[in-house]
Each structure stands twice: as structure tokens, then as C-alpha cells.
Amino acid sequence: MAFWTRFEKLMSKRKFKSIRQTFVRSRRPLHQWRQVRSDRHAFARRAYVNPRTLRREREFVDERTFWWAVALVLFALLTVVVDNRTALNVMGIFAIYAAINIMWALVMGSAGVFSLGTLAIVGTSGFIAGRVALETGLPWYVMLVVGAVTGAVMGVVIGVPAQRLDGMYYALLTLGVVEVARTFFKQSRGFGSASGGLISLPTYLSKDQMFSIDGLRIRVLVALVPFVLVLVLYRVLEGRRLGLLLRTTRDSEAYGDAIGVDLVRIRLSLFVISSSALGMVGGFFAAYNRSMAPSVFDMGLLLLMFAMVVVGGVGSAEGVVIGTALVVFVHNGLISIGPIRIIGIGVVVVLTALFTKGGLYGIPGQYRRWRDKHKSERIAAASQRQGDLTSEEAALTDDKDLVAVARFNDRYRWQLRELVTEAVVAEHQARPVGRHSPELDRLLNYFRKGELADKYAVMTVEPFSTYRVVALSGVRGIPPREVDEKVYGSLDDAYHAVFLRRIHDLMES
Amino acid sequence: MTGLLEIRSLSAGYGPMRVIHDLDLVVHAGERLAIMGLNGHGKTTLFRAILGLTDWQTGSILLGGREIGGRRMSAPGRRTHRIAASGVALLPQGDAIFPGLTVEQNVLTGVTSSGTWRRRRGRLDSVLEIFPPLRPLLDMPVGKMSGGERRMVSLARGLMGDNRVFLVDEPSLGLAPKIAAGVIDALGQVELGEGAMVIAEQSIPLLSGRMDRILGMHSGQIKQDAADAFAGISVDH
Amino acid sequence: METLVAVLVSTLSLAAGYGLLAIGISLTWSSLGLLNLAHGITFGFAGYGAWWFGTEVSANPVGVVIAGVVTGAFTGLVVVAVAFLPIKRQENFPVRSLTITLALNLVGTQILLRVFGPKAKNIPSVFTFDSINLFGTVILPDRTGMIVTAAVVLLATLIWFRRSRSGLRVRALMQNPEGAALVGVSLNRTAVVVMMVSGALAGLSAVLLQEIFFASPYSWSTPLIKGLVIALLGGLGSIPGALLAALVLGATEAGTARFVGGQYVLYTQFALVVGVLLARPRGIGGLLDEVREADE
């Protein structure tokens, strides 16, 4: 990345030398920041030679970490700069919802569990954490711990059936879990059925901070903490080893079994870990709002959160966060334009599902694929049909090597066909083995390197007296098949018969 | 000379693979035609291309003068139901039938027009004349039946509609020789009238004497003279 | 005896109402592979359709029922046009269509809210004949009408499904989509038929259940979940399974409400469903699904 080169150049100047010492070549080498259970570290870079300038440059192995850091710093700065209460509130809600949605996307995208019960975990953990805090009088951060524990327990309870049920069955069941949770917390007196939920929960703001705008800023900034925690967790779990295993085996459990991966265990632990994180966010949610209401379990909120996840794209944290930002901004920021905004969100979701494969964040990739396909189709159409593959096929092939090889082989065969003459055949008949004319040599060389499948060969039935022509199967363990009933008395005759068959196939193909 | 089914420079395949290469074939009305060829030379793909089930295809396919083919680069199966309804019955390799339905229901799915549906009882009776072993099994789910019986159900289903072209894909595949012969016999009894029947097979002896014409298929192309070349080959199933 | 009769009547009427919803969900999933969560908003729209007809045009019971059914069928048509036809052959269809149906709920709710306001509307009573006295239990006309109507309609649906040509086509499509295309079954046309039928059933259920759920912008979520749970218990795709599941869950609801307490209904139902699904992951009537899967 050019940015980094420029940055290093700047750093090499004298006045930045001390900074450079601490930042670029700090005493702790970067590999000490390696992420757990993976071989990458957050700001790893690699050197490469820029083919245009022929200069050595360094770039991030994974640029995203850098951009995340930039975005988070900008968000924090924005919190300090913005002077508008509504905007600050929207930012706080965004941070919490984004944390929830990232974990949700992890469950749906990586673990492949189509769960709609995310809010049940968040809400239940929040309620239980709040109740514990009220009963014991412990400070707010205890609610995070209690929430995380509750979340983990719920993860086990509702994660185990997921391993037994099919995707859609499970999705419906989790919808039921949300409904059960809603009914329970709405009716239960211990959770404030009379007052519409739990109120006056402990929080991290002091009394006089609560109503000042600076207090609101602190409130929003602290909300970044669970967000960052969840983000780090996502990167770790999505990391090379675990994430790759899950993504490669998502569609085929048999494949996972075959390569010795205990998929069920990995999925379940992923589900429990992310549920625990959701529980933690739930506990924080209670502290953030200083209250818990059963409305977290409402179908409306579930639909809205689902919209956030799918608009951006389930496949990546970036997509989810973009989707969350968009929907939260429209839903909570533009209240003044009324309910029409929710219709707008719904329409956007429908359009995204209709026209994109992986949400808004996947559009650039989808566009590139579309453009590449059309480009190769145009090129193929322009260069006429010369090879074995038609232009349509060439356009459909991702591996352009195949197209080139097919074209080459086809032209090669055309040339070889011209070499086949009566004279060559007669020459081979006279002397199948030994020195040959250049034309015959070329033909024989081509035949020798042909594919094994359906390649003709000579089979000895009785040495020196009985030979037959067979065709190899090309597969180990499957015997060659007999080509015809003819029997040849000498090896030379059989060789020539094979030669004739090959010539025949060459002329026909 | 024109035929019932005319295929002109048909190419078709799956993804980057081209299985059918510039194929020409004319099937005349009232004719029983066999296409011989080894595994992987495109017999099944030819049938699937006629019904628009391959990933892509080009070239023209005329059924009674009406175009059912044409250039198609994506969406396999989009036109299949229309092609099927216009009178092409594919009796697929294996048993692409409905295992949860009974024999009677399976056979009745073959009805392609509401006129025939009203006369379905009579039609069913006449079809069962050809396949007498099916009569006592009418209420049995097809999933529980033997391979030979299922093949018969599949054939019977094809005969229920007002089909003009029957494409029979490897009727003997996976069957014991005796049962296979029975299935082929039943195929021979079908009255074609103005229709035609195309059978793809690997073994000639089974069909010898029952067909009007035998063509060979090699590497995705029809070889008019290839029948002789294949005449001596016996293929184990 | 009285208790028993009361529970029985309650069971049957609940089973009737929810069964109508569940069958639509089941049918759509098994024939089109579409998990139609917009069934909830179909229910909502149909309720408003019936209410509008009853207040604006005439309170004639037959008219009200027909209005509900027609609105339901029409909503089904909209759903199939948006959530099924454009993307039916594209990759990742199940999740994308599910997303769209969920979003349709979101949009539909807001439309209802905008047009009719948040206040719940009372659909005029459809059944006006006298109460029946059975073994000393008074059965309200609503209950009787509901049970009889639903029984007749469900029977008719079953017969349509089993005997008619379009029913056969739907079943062929459930079993083997490619095979169905080979016998000339048009996926589009069948999809429209299935969605209109299931929408009409949802509409009928909205009119019949008006005692419990008034027409209101948000009242569809509980019926949707009950319908889903029944379809789930019945093993998505099996009509007899769904009917049986409706009876079982209706009995659980009625029994729990009578003997334990109304607020525990959801818990017992949910425990039952989870128990059954853990024992038989494909629900009561999952056999059909297994056959279909084995064939693919």
C-alpha cells in the first residue's frame, strides 16, 4: 500500500526519528501481537517490489485492520465534536446494535446456524444481569460478567438442538424462543411486569453526568468498548484456521468428517462463545439504558435487526457494520419523516435480496465478476471460433488456461492431420518400431503423450502369437476394455492396428 | 426431406464443458431410432439438451416445424415444462419419478392436457395393457418397487400424455438381462402412429431387429455409419 | 364431562384456526422451497380486508368471509411475485426469499399503520345462529361456525390436493422438481396457485380467529408463530402431519389454559414442540421430506 511507504518515508526524517523508534521498530516485534489460534498479527506487513516503479514497498497483509482503527478513531473524534443529542444517541445505539449484529453474522455466516434467536439471548442476559445487580447492589460492570455467563448458558441450551435440526426448522424454532422469552419477561413479576421492565439499574455515569451532554458523550464512548471487544472476537474466530475450516465445510458435513474435523464441536463452541459475547452485550445494554424492557423481544425490532444484517451482507463484519449504520441512521436518525422510513428500509432489504448475492458490501465484487464475464465474452466473440471451445464456453470458463490449452490442442491437431498420408501409414506398417521419418515421428510423439483414459494399447493374450488391441480405462483398478474381436499374430501387426485406430480418431476428432 | 424432430448444428454442455458438438439429427415420424454409444459420449446430454436441461445450448431444434431449441446461455430448465407440454417425453436414465406417489398417481402425472385428464381412466387402462405387471401395484408407492417395475412406471407415465416424441434413455441400465428384454419388448409394443421413439443404448444385441434405424454416437456427434463399428461390441452393464 | 367437552371444543376451534395457517406454510415450503414468513402479514391484510368490507360495504357474513379470503389470496399473489418468481433459480434462494418475506412483514405493518392507524378494528361477527348446548356446556356460535367451516375447508383442500390435477402437479413438484418439469409442470403457474391457496387459507383463518385477534397492524405475529410452530411440528410439507400437529397443539393450549393457567400456554406448547423435534427432527409427518431428500 502506497500509504505505508509514504508513512515510512516521513518517519525516516530526523524529527520523527524517536517516534519511528517507538512505533515502527518498537522493542516488541510485531509478531508478539499475533492473534490467538492463528498465525497472523493485526498489523502484519509484507514487502514486495512494485512492478511499475521497481521499488520495494511494504503493504499490509490485511488492510482491513488499519481501516478499522482509522474508523474507530474517527468515530471517537466525532463523539467529542458532535453537539447534537439526537446524533449522539444514534451513535450509541449504533455501537450496541453493531456489536450484536457482528456476533449474529458470525453465527449465521461462519457457523452456518440460521438463528433468529439472537435477541432472545441479548434480552434474557440483560434481564438476568439487571435482576442480579438490583438484588445484590453490585456495580454495573458485574452485569457484563453475569450477562456473559447467562449468554453462554443460553448458547448451550439453544445451540445443542441446532446440531440436530435442519436450517429452516431451526430458524423457526429460534423464532419461537424469542416469543417464549417475550411472554416470560412480560408476565413475570420479578422482572418488573408491573413497571414495564426493570428500571434504575446501575450504570457507569455519575448522577450529575446523567443529564449533561458530556455525560452523553461518555455514555457513547464507553459503548465502543463492547463493540471493539466483539470485533476482536470476530477477527479471532473468523481467523485463518477456524474460519477457513468452517467456511470450507459449511456446505458438506461429510467433507468435514472426511478431513477429520469435528464440525459439531467447532460449531457448537463457536455458537456458545458468540452467545456469551451477546450476553455480555446484553448486560451492557442494560447498563447503557439503565433499564430493560420486554420490547427487546418484539417482532418489529427483530425484523429491523435482521434488515441491518442482511442489507450490508452477512459474510463480513464490514458489511454488517455498514448495514447497521445505514438502518440505524434511517430508523433512529430520521424520525421526523415518519413511518415511511421503515417502509423505505423494507424496500431496500427486498431490493438487496433480489439483486445482490452478498448484501451491499458485496456489490463491488459482484460487479467485478459481472464485468469480467462480459469482457471475456466480448473478447471470445471477437476472436471467432478457432479452438475446441466455443465463445460461449470460453466466457463461462473461469480458468482461461483451459481455453488456451484447448485452442492450442485444436490447432495442433489440424497441423498433424496434414501429416497423415498414405506414405506415412505405409511406412509405419513396414516398420512400426525403429527409425522413422520426421512426419511419422511427430505423429507418434503426439500419440504417446495422449491422455490415459481411452488410450489404445496392445494386450498380450499369448506371448509371440496372440495379441489384441484394448483401450485403457485411465483409472487405477479398472481393467482396460477390449476394443474389438480381432486377434493379431505378431506384435508389429498389433502396433500397427493401434496406430491405425489412433489415426482414425485423430482424423475424426 | 423433413422430419418430426429436426436438430441442426446443436451444441450443448455444462459449464465450460462442451458435450455435444455441432450435432445434426433428423427423426422421422413413425420411426424407431436407436442411438448407440459408450458412456460419456453425450447420449444423455443430447436428450437433456432437447428438453432444455443443459447449462447452455446453441443451434436449432424443430419439433414438427416449431422451434423448441435456440440459443440459451443460462437458466437450465426454464423452458423444460413448455417443451414437455408440446409433446416431448423424456424417460430418463435411472428413475426421475416421484417416489412418494403411488404408481397410479405417478402415471397420471404424465397427462399433459386437460382434455386427456378428463379421459384419464380409459387412457390408463390402455397403457396398463402394455404393462400388465403394474395393474395389481397401482396403490403402491413407487419408492418401494424394484428397478424393473420403476422403469415400467416411468415408461407408462410417458405414454399417458399426447406425446409425439419419446426419448428413452438407456432403458436397460441396471436391469437384469431378462427384465431389460421385457422392458424393450414393451417399448416395441407402443403404437407410435405419427410419433417417433428414440432410444439411447449401449448394447446392440438387445435392440437388434426391433429398430428401424441405428446410429452411433461418438464424442458428442452422430456417426451415420458408426453402427457397424459398434456392432460387435458387447458392453457389460 | 362439561370440562371435557369445553376443552374438546376449545381444542378443535384452536386447531381449526391455526391449522388453516399452518397448512399454507407447509404447502409453500414443500412445493416451492420458500419459507413464507409473509404469511403473517397476509393474515393481517386479510383481517383488514374483511373489516373494511364489513363496515363499508355490507355486514353480510358470507361477503365478509369472501372479502377476507380474496384479500388473503391477493396478498399471496403479491408475495409470490416479489419473493419467489424473480429469484427462484438464483443461488442462495432459501435465505434470500426468507429475507424478502421478513421484509414484506416490515413493509406491510407500516402500510397498515399508515392507512388504518394503530387502533384495533373489530371484524363483524360472521356466525349469527344460536348457541348449542352440548352436555350442559354452552358452545358459542363462533366456535361451532369456526370448527365446521375450517373442517369443511380443510377437507376440501385435502381433496383438491389428493384428487385434482393441479393438486397432483403440486405434489409432483414437491417430490422432484426436475421430474415435474419433464411432465410439463410449470413452476411459475404452480407457484401462483400454491401461494393463492395458502393466502386464501390465511385469509379465512383471519376471519375465523377474529374473536382472538382483532385486525390490528401488529396482531399478525402471534398467529404467524403459532402457524409456524404447527407446520414445524407437523414436519414441513405434510398436510396430514400439519393437521395432526394442529390438533395436538390445540389440545395442549386448551388443556393448559384450563388446568394450569392461561399464561403457561406458550411454555407447554414450546416444550412439546422441542421435545418432539429432538426425538424426530423432521416432525410428525417428516417421512415425505426424507423421501424427497433421499431422491436428490
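The values are calculated or read from the model by the stated rules, or taken from the named source; none is laboratory data. Bear in mind that the values here come from a model prediction, so they are computed numbers and not experimental data. We place every Cβ from the backbone using ideal geometry, glycine too, and count neighbours over all the protein chains shown.
This table checks each residue for (1) farther than 20 Å from B:Gln189 by Cβ; (2) free of Cβ contacts under 8 Å to residues at least 12 places away in the same chain.
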{"site": "B:Leu101", "(1), (2)": "yes, no"}
{"site": "B:Glu104", "(1), (2)": "yes, no"}
{"site": "B:Ser114", "(1), (2)": "yes, yes"}
{"site": "B:Arg118", "(1), (2)": "yes, yes"}
{"site": "B:Leu124", "(1), (2)": "no, no"}
{"site": "B:Val127", "(1), (2)": "no, no"}
{"site": "B:Arg135", "(1), (2)": "no, yes"}
{"site": "B:Gly143", "(1), (2)": "yes, no"}
{"site": "B:Val153", "(1), (2)": "no, no"}
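Being within 14 Å of chain A (Cβ to nearest Cβ) and either crowded, with 23+ Cβ neighbours inside 10 Å or closer than 19 Å to B:Gly87 by Cα (or both) is the filter here; which residues of region B:20-36 pass it? B:Ile20, the sole residue that qualifies. Collect the residues in region C:184-215 that are more than 29 Å from C:Lys88 (Cα to Cα) and out of contact with any Gly (no Cβ under 8 Å at 6 or more places or on another chain), keeping them in residue-number order. The answer is C:Glu211, and nothing else. On the stretch given as region A:153-202, residues that are away from every other protein chain (no Cβ under 14 Å), in a loop (DSSP other than H, G, I, E, B), surrounded by fewer than 21 Cβ atoms within 10 Å (Cβ to Cβ) and touching a residue at least 40 places away in the same chain (Cβ under 8 Å) total 4. Here C:Pro86 clears all of (1) surrounded by fewer than 17 Cβ atoms within 10 Å (Cβ to Cβ); (2) at pLDDT 80 or above; (3) more than 14 Å from every other protein chain (Cβ to nearest Cβ) except the condition numbered (3). Here B:Gly122 meets the list (1) surrounded by fewer than 16 Cβ atoms within 10 Å (Cβ to Cβ); (2) more than 24 Å from B:Ile20 (Cα to Cα); (3) at pLDDT below 85 almost entirely, failing just condition (3). If you go through region B:103-116 and keep only what is more than 22 Å from the chain's Cα centre (by Cα) and either at the interface with chain C (Cβ under 9 Å from one of its Cβ atoms) or among the polar types (S, T, N, Q) (or both), you end up with just B:Ser114.
Which residues, counting only those in region C:54-64, are surrounded by fewer than 23 Cβ atoms within 10 Å (Cβ to Cβ), of a type outside the set (D, E, K, R) and assigned to a helix (DSSP H, G or I)? If you could, list the steps in order and put the result at the bottom.
Within region C:54-64, the subset surrounded by fewer than 23 Cβ atoms within 10 Å (Cβ to Cβ) is C:55-63.
Cutting the leftovers down to of a type outside the set (D, E, K, R) gives us C:55, C:57-63.
Listed by number, the residues that qualify are C:Thr55, C:Val57, C:Pro61, C:Val62, C:Gly63.
Scan region A:401-417 and tell me whether some residue there is assigned to a helix (DSSP H, G or I), modelled with pLDDT of 85 or more and under 14 Å from A:Leu500 (Cα atoms). Checked against the condition, which is being assigned to a helix (DSSP H, G or I), modelled with pLDDT of 85 or more and under 14 Å from A:Leu500 (Cα atoms), region A:401-417 yields at least one hit.
Selection within region B:1-17: residues that are within 14 Å of chain A (Cβ to nearest Cβ) and more than 17 Å from B:Gly70 (Cβ to Cβ). The member of this set that is surrounded by the most Cβ atoms within 10 Å (Cβ to Cβ) is B:Pro16.
For region A:345-357: of the residues being within 15 Å of C:Phe93 (Cβ to Cβ) and in contact with a helix residue (DSSP H, G or I) (Cβ under 7 Å, 6 or more places away or on another chain), which is modelled with the lowest pLDDT?
As a first pass, look at region A:345-357 and keep what is within 15 Å of C:Phe93 (Cβ to Cβ): A:350, A:352-357.
If we keep only those that are in contact with a helix residue (DSSP H, G or I) (Cβ under 7 Å, 6 or more places away or on another chain) as well, we get A:350, A:352-354, A:356-357.
Values: A:Val350: 90, A:Thr352: 88, A:Ala353: 87, A:Leu354: 87, A:Thr356: 84, A:Lys357: 80.
So, considering only residues that are within 15 Å of C:Phe93 (Cβ to Cβ) and in contact with a helix residue (DSSP H, G or I) (Cβ under 7 Å, 6 or more places away or on another chain), the one modelled with the lowest pLDDT is A:Lys357.
The rows are residues; the columns are (1) surrounded by 15 or more Cβ atoms within 10 Å (Cβ to Cβ); (2) in contact with a His (Cβ under 7 Å, 6 or more places away or on another chain); (3) not basic (Lys, Arg).
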site	(1), (2), (3)
A:Arg431	no, no, no
A:Pro438	no, no, yes
A:Tyr456	yes, no, yes
A:Glu462	no, no, yes
A:Ser465	no, no, yes
A:Gly477	no, no, yes
A:Asp484	no, no, yes
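Return a yes/no flag: does region C:226-247 have any residue that is touching a strand residue (DSSP E or B) at 6+ places or on another chain (Cβ under 8 Å) and assigned to a helix (DSSP H, G or I). Quick ask: steps written out before the conclusion?
Initially, region C:226-247 is screened for residues touching a strand residue (DSSP E or B) at 6+ places or on another chain (Cβ under 8 Å), giving none.
There is no residue in region C:226-247 that is touching a strand residue (DSSP E or B) at 6+ places or on another chain (Cβ under 8 Å) and assigned to a helix (DSSP H, G or I).
Applying the criterion of being facing chain C (nearest Cβ under 8 Å) and among the aliphatic types (A, V, I, L, M) to the residues of region B:71-88, the residue that is surrounded by the most Cβ atoms within 10 Å (Cβ to Cβ) is B:Ala84. Among the residues of region A:285-314, those that are more than 11 Å from chain C (Cβ to nearest Cβ) and small (Gly, Ala, Ser) comprise A:Ala286, A:Ala287, A:Ser291, A:Ala293, A:Ser295, A:Gly312, A:Gly313.
Residues that are at pLDDT below 85 and in a loop (DSSP other than H, G, I, E, B) were ranked within region B:37-63; the one that is surrounded by the fewest Cβ atoms within 10 Å (Cβ to Cβ) is B:Asn39. Taking region A:464-480 as the range and being farther than 13 Å from A:Ala497 by Cα and among the small types (Gly, Ala, Ser) as the test, the residues that pass are A:Ser465, A:Ser473, A:Gly474, A:Gly477.
Quick grid of which residues meet (1) modelled with pLDDT of 85 or more; (2) not in a helix (DSSP H, G or I):
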position: A:His436; (1), (2): yes, yes
position: A:Arg442; (1), (2): yes, no
position: A:Tyr467; (1), (2): yes, yes
position: A:Val475; (1), (2): no, yes
position: A:Ile478; (1), (2): no, yes
position: A:Lys486; (1), (2): no, yes
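Would you point out which residue out of A:Ser115, A:Ser125 is outside any helix (DSSP H, G or I) and either surrounded by fewer than 22 Cβ atoms within 10 Å (Cβ to Cβ) or not basic (Lys, Arg) (or both)? Break it down stepwise before answering.
Details: A:Ser125 fails: outside any helix (DSSP H, G or I).
Just one listed residue meets the conditions, A:Ser115.
Checking each residue in region A:73-94 for being of a type in the set (A, V, I, L, M, F, W, C) and either exposed (fewer than 13 other Cβ atoms within 10 Å of the Cβ) or under 23 Å from the mean Cα position of the chain (by Cα) (or both) picks out A:Val73, A:Leu74, A:Leu77, A:Val80, A:Val81. The criterion of at least 1 residues that are of a type in the set (Ser, Thr, Tyr), assigned by TED's automatic domain parsing to the domain that holds A:Phe94 and free of Cβ contacts under 8 Å to residues at least 60 places away in the same chain is met by the following helices (runs of 4 or more DSSP H) wholly inside region A:233-352: A:240-249, A:253-258, A:263-289.
C:Gly250 meets all of the listed conditions (1) of a type in the set (Gly, Ala, Ser); (2) closer than 22 Å to C:Gly68 by Cα; (3) buried (at least 24 other Cβ atoms within 10 Å of the Cβ) but one, namely (2).
Which ones in region C:178-207 are closer than 14 Å to C:Thr28 by Cβ and not aliphatic (A, V, I, L, M)? Lay out the reasoning, then the answer.
First pass over region C:178-207, keeping only residues closer than 14 Å to C:Thr28 by Cβ: C:187, C:190-202.
The answer is C:Thr190, C:Ser198, C:Gly199.
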